[in-house]
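Only one structure is covered here, and it is reproduced in the block below.
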Amino acid sequence: MSAAARVDNRAAAKNRAPAIGIDMGGTKTEAIVLSPEGTEMNRWRVPSAVGDYDGTIRLLRGMIERAETAFGTAGSIGLGIPGTISPASGLVKNANSTWLIGRPLKADLEAALGRAVAVANDADCFALSEATDGAGAGAATVWGVILGTGVGGGIVAHGRLLAGPNAIAGEWGHCPLPWPADDERPGPACYCGKSGCIETFLSGPGFARDFRAHGGPDIPPAEIAARAEAGDPLAAAAVDRYVDRLARASAMVINILDPAVVVLGGGMSNLSPVYARVPALWPRHVFSDRVDTRLSPPRFGDSSGVRGAAWLGRSHAQHPE
């Protein structure tokens, strides 16, 4: 067999191999195995090794080995983490799973497995999932937005995840809320040390805090939304403020990125009024004669992060540069 034929056979084998994705959360770690066509072949969750870095490496290695044993072949590997790998140091930064911070997670996992692992922020994985075969499939540019306990995002352009020298592309949560009203200044204190960050307004905890600040009881976001739908005036006013702030904050990014599709994820993406009302407000703030950007819920919901990790691993296996 010629050298060229051997290369072609190896490439074909890579294309047929399963794509393994792992989404590492603060309390749960989820794994998925996708066929080359994107069909879910297996998926399971286990408790995260909270506070135990060495245990985390063992857990991730065991999940990958379990997947490959079940299917009898090695697959590409992608890992989504609640933080990111610093391009400067190779160490984890910005992770709310604090036992990872300052540790060489990618290098240690690759050493444990003896092969390459693609690692990205979990919001980046969400964006890649929805851009690949989700709500943004076929779009030239997709901005995936996380509205959960925190606020983050990822950007996919022409099928490839955007990554810059600081590994923070799409992270809009720690920008200030744009076009603030007088009663929004200086804004709530943020854990990052500043005040008035978008995250303090648009995260689930931020939404609940705003409701309490205007006289509401201490209840979770889902209950506030239910009360608003039932006609409760305090809850309805909280939703109104949230919609307006989300419109302003996302319009700022549209002015910079001009995405074809914005896909919302995280718990606050279940706030159904945003999908009609936010785009209706965009023309007030977007610097254009019309706004054709589409706002969409995620196709794969809570599974998008782990699916995106699988697609990340497959993409890096095919394009290792």
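Quick notes
- Scanning the stretch 275-311 for residues that are at pLDDT 95 or above, in contact with a strand residue (DSSP E or B) (Cβ under 7 Å, 6 or more places away or on another chain) and assigned to a helix (DSSP H, G or I) yields 275, 278, 279, 306, 307, 308, 309, 310, 311.
- Within the stretch 130-159, the set of residues being among the hydroxyl-bearing types (Ser, Thr, Tyr) and in the same structural domain as residue 191 (by TED's automatic domain parsing) comprises 141, 149.
- Filter result (in contact (Cβ under 8 Å) with a residue 12 or more places away in the chain and within 21 Å of the chain's Cα centre (by Cα)) within the stretch 24-39: 24, 25, 26, 27, 28, 29, 30, 31, 32, 33, 34, 38
- The single residue among 219, 168 that is out of contact with any Gly (no Cβ under 7 Å at 6 or more places or on another chain), touching a residue at least 60 places away in the same chain (Cβ under 8 Å) and of a type outside the set (Lys, Arg) turns out to be 168.
- If you filter the stretch 99-134 down to residues that are of a type in the set (D, E, K, R) and more than 21 Å from the chain's Cα centre (by Cα), you find that the one that is surrounded by the fewest Cβ atoms within 10 Å (Cβ to Cβ) is 115.
- Tally, over the stretch 231-266, of residues that are of a type in the set (Lys, Arg) and closer than 16 Å to residue 153 by Cβ: 2
- Complete set of residues in the stretch 270-321 that are closer than 26 Å to residue 243 by Cβ and of a type in the set (Lys, Arg): 277, 284, 290, 294, 299
- Residues of the stretch 99-120 that are in a helix (DSSP H, G or I) and over 20 Å from residue 26 (Cβ atoms): 107, 110, 111, 112, 113.
- The single condition among (1) in contact with a strand residue (DSSP E or B) (Cβ under 8 Å, 6 or more places away or on another chain); (2) outside the structural domain of residue 274 (by TED's automatic domain parsing) that residue 108 does not meet is (1).
- Filtering the stretch 172-183 to residues that are touching a residue at least 60 places away in the same chain (Cβ under 8 Å) and either under 20 Å from residue 310 (Cβ atoms) or under 15 Å from the mean Cα position of the chain (by Cα) (or both) leaves only 172.
- Filtering the stretch 59-92 to residues that are among the charged types (D, E, K, R) and touching a residue at least 12 places away in the same chain (Cβ under 8 Å) leaves 61, 66, 68.
- When the stretch 147-182 is limited to residues that are of a type in the set (D, E, K, R) and either touching a helix residue (DSSP H, G or I) at 6+ places or on another chain (Cβ under 6 Å) or modelled with pLDDT under 95 (or both), the one that is surrounded by the most Cβ atoms within 10 Å (Cβ to Cβ) turns out to be 171.
- Enumeration of residues in the stretch 233-259 that are within 20 Å of the chain's Cα centre (by Cα), surrounded by 17 or more Cβ atoms within 10 Å (Cβ to Cβ) and among the aliphatic types (A, V, I, L, M): 246, 247, 249, 251, 252, 253, 254, 257
- Each residue in the stretch 89-98 was checked for being modelled with pLDDT of 95 or more and either buried (at least 16 other Cβ atoms within 10 Å of the Cβ) or aliphatic (A, V, I, L, M) (or both), and 2 of them qualify.
The values are calculated or read from the model by the stated rules, or taken from the named source; none is laboratory data. Here the structure is a predicted model, which means the values were calculated and not measured. Please note: Cβ atoms are built from the backbone with ideal geometry, for glycine as well, and neighbour counts cover all protein chains shown.
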